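To keep things clear, I will list the structure first and then write my remarks on it.
The values are calculated or read from the model by the stated rules, or taken from the named source; none is laboratory data. Just so it is clear, the model here is predicted, and its values are computed rather than measured. So basically every Cβ, Gly included, is an ideal-geometry build from the backbone, and we count neighbours across all protein chains shown. Accessible surface areas use protein heavy atoms only, side chains included; no ligands, DNA or RNA. Shrake-Rupley method; radii C 1.70, N 1.55, O 1.52, S 1.80 Å.
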Amino acid sequence: MGTRIKRRAVVDDTACVACGCCAKVCPLSAIQIWRGVRAVVNADKCVGCGKCAKECPASVIEIQEVRP
Amino acid sequence: MKKRWYDYLWIVELTYLVLGFFNILFAWLGLLFFFIPLIIAAVRGTKGYCNRYCGRGQIFGLLGGRFGLSRKKDIPRWMKSKWFRYGFLIFFFIMFFQMLWNTYLVFAGAQDLRQVVTLLWTFKLPWNWAYHGTLFHPGAAQFAFGFYSVMLTSTVLGLVTMVLFKPRSWCVYCPMGTMTQLICKAKNRKDHTVTEQN
Ligand code: SF4
Ligand code: SF4
Ligand code: SF4
């Protein structure tokens, strides 16, 4: 049946520089900077479009498939 | 997305860089770009400056993004490593204090004013056309030349990595960005361990 594969952005916490470039481009405001330390993805909102990953200057965001 | 007033702060940054070509004393205004991020980080514990107000980041974002002056390739792994980011911050600090020392020497009368802008800590560009004498002590002008050198150097480095890698690659190793993140980390250490368990 039509079970679509879900995708979601995953941030490498240790390498994130908290610049906020990702948050600026996310159309759903699903990624935000947590207290100037790192980016955090809201798993309920994120649709895995990959805009943030493309923008991230450190390339530390990966779009992963979510398996239920 | 709706543009806010702070999305236009790149104009301020650009104006700042241009003014330095006409009168070096405007370089003093650059202290704002130094203290505002630190104050936001220390008081509010966020990188609000990077995330919203930094005009320098916006310039790289615009030139590399909208104007397409970027290869949009991944930055090399070592450039985002901790040792490089922290190492660059320390190097930056050392050069900054050396600049302050030179300023002090001019104030103390031990050294004459040098009307040069030093690019990449090495190349001395004659800049006398932006100095018209002043009501202030030559030391004030020496600081302006030094500070403007710092600003121009980081712009040039940022432009180079913008072209080579992603538009805002500079933000990965920008000393202000690293410093504000360190302040936020220290400030939020307690809460950090709490959320880490979630
Ligand atoms: S763009 Fe990349 S480095 Fe910057 S805050 Fe987002 S995930 Fe972190
Ligand atoms: S993948 Fe798309 S929806 Fe998810 S955080 Fe990134 S930009 Fe937002
Ligand atoms: S990392 Fe540096 S250049 Fe980038 S937004 Fe922050 S202060 Fe501006």
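Determine the equivalent ellipsoid of region B:98-146 by diagonalising the alpha-carbon gyration tensor, then write out the semi-axes as square roots of 5 times the eigenvalues, largest first, rounded to whole Å. Walk me through the numbers before you get to the answer.
Working: eigenvalues 55, 40, 11 Å².
Semi-axes, largest first: 17, 14, 7 Å.
Stretched out fully, how many nm does the piece from residue B:36 to residue B:119 gain, at 0.36 nm a residue minus the Cα gap? Display every interim value, and only then the final one.
Numbers: separation 83, 0.36 × 83 = 29.88 nm, distance 2.44 nm.
Taking 0.36 nm per residue and subtracting the Cα distance, the gain is 27.4 nm.
Please average, across the residues of B:171-180, the number of beta carbons from any other chain that are within 10 Å of each residue's own beta carbon, and give a whole number.
Numbers: counts 8, 8, 3, 3, 0, 0, 5, 2, 0, 3.
Going residue by residue through B:171-180 and averaging, the value is 3.
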**Message:** With a 10 Å cut-off between alpha carbons and a GNM built on chain A, which of A:48, A:20, A:36 moves the most?
**Reply:** A:36
**Positions from region A:30-68 whose accessible area shrinks by 10 Å² or more when the full protein complex is built, not the chain alone, probe 1.4 Å** = A:33, A:34, A:35, A:36, A:37, A:38, A:54, A:55, A:57, A:58, A:59
**Message:** Can you list residues from other chains, or at least 5 along the same chain, whose modelled amide H is less than 5 Å from the amide H of residue A:18?
**Reply:** A:39
**Complete:** For chain B, the longest principal axis of the Cα atoms and the Cα long axis of helix B:10-22 enclose an angle in degrees, to the nearest 10, of 20 degrees
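Tell me: how much accessible area in total is hidden between A and B, 1.4 Å probe, Å², nearest 100? Display every interim value, and only then the final one.
Values: alone 5070 and 11910 Å², together 14960 Å².
Roughly 2000 Å² of accessible surface disappears when A and B pair.
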**Fill in**
Long-range amide H partners of residue A:7, meaning residues 5 or more apart or on another chain whose placed amide H is closer than 5 Å, are A:66
**Request:** Could you work out, residue by residue across A:5-13, how many beta carbons of other chains sit within 10 Å of that residue's beta carbon, and then give the average as an integer?
**Result:** 0
**Prompt:** Taking H as built 1.01 Å from N, whose amide H comes closer than 5 Å to the amide H of residue B:119, not counting residues under 5 places away?
**Reply:** B:124, B:125
**Request:** Could you give me the radius of gyration and the Dmax of the protein assembly as shown, taking only the C-alpha atoms into account and expressing both in angstrom?
**Result:** 20.6, 83
**region A:6-66, accessible area per residue, ligands and nucleic acids excluded (1.4 Å, Å²)** = 48 Å²
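Which whole-number value in Å² is the accessible area per residue of region B:81-120, probe 1.4 Å?
I get 61 Å² per residue for region B:81-120.
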**Item:** Surface share of carbon and sulfur [accessible, 1.4 angstrom probe, percent] for chain A
**Value:** 50 percent
